[in-house]
1. Which pairs do you get when a residue that is basic (K, R), found in the stretch 10-34, comes within reach of a residue that is part of a helix (DSSP H, G or I) and exposed (fewer than 10 other Cβ atoms within 10 Å of the Cβ), reach meaning Cβ atoms under 8 angstrom, with the pair 6+ apart or on two chains?
2. Given (1) at pLDDT below 90; (2) part of a helix (DSSP H, G or I), where does W56 come up short, assuming only one miss?
Amino acid sequence: MSQETLNLDISARVKLARDAFIQQGSKVKTMEKQQSELSSAIEHEQERLTELYNKWSAEQKQVAVYLAIKEKRKKEDKRRSFLLKEISKLEIETEALNKRLLHNRETLSRYKEESEKLGNDIRAGFNTINSSTAGIDKETGDLDVTGWFQPALKYDTQSLKRSHSEFSETQLHSSNKKRKELKLEGEV
């Protein structure tokens, strides 16, 4: 192989190597450009993801507030329901107490009437006994009942006092019995 041919061959190889180097440099530039675009795209995506996360976080806070309000309303509804039941119970109890009060007033009214009647009966009894003692003889202590009974009878003061005492005890026993009955009716 001659020197000239050898020079041409080397020259061709240098040219090929230079062309390959230029081509490689162009590829590197293209790759750098692509890498820059990709970095820019990644950065843009990260910004978008951050924005989405912030929106999601804000929505989560709103959901938490909504759930808290919902839970509070649920508790308030339960409390309201409980209070309505209690009010209903109190209304029933009030109605029962009003009925009992009315019954007690009626019982008290009857008691007053019975008490007045018993008082009148006792006063009438005392008046009868007192009027019957008007004719007692001061010397003998005997009562002349000639005007009341035939034949004329004589009663001593002790007998009269005993009759008066028995009458009073009977009236008081009857009065106490009536009071107890009325009191028991009032407690029902």
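1. none
2. (1)
The rows are residues; the columns are (1) aliphatic (A, V, I, L, M); (2) surrounded by 10 or more Cβ atoms within 10 Å (Cβ to Cβ); (3) under 22 Å from the mean Cα position of the chain (by Cα).
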{"site": "N54", "(1), (2), (3)": "no, yes, no"}
{"site": "A58", "(1), (2), (3)": "yes, yes, no"}
{"site": "A64", "(1), (2), (3)": "yes, yes, no"}
{"site": "K78", "(1), (2), (3)": "no, yes, yes"}
{"site": "L83", "(1), (2), (3)": "yes, yes, yes"}
{"site": "K89", "(1), (2), (3)": "no, yes, yes"}
{"site": "A96", "(1), (2), (3)": "yes, yes, yes"}
{"site": "L101", "(1), (2), (3)": "yes, yes, no"}
{"site": "N104", "(1), (2), (3)": "no, yes, no"}
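The values are calculated or read from the model by the stated rules, or taken from the named source; none is laboratory data. Values in this document were obtained by computation on a predicted structure and should not be read as measured data. In this analysis, Cβ positions are derived from the backbone assuming ideal geometry, glycine residues included, and neighbour counts consider all displayed protein chains.
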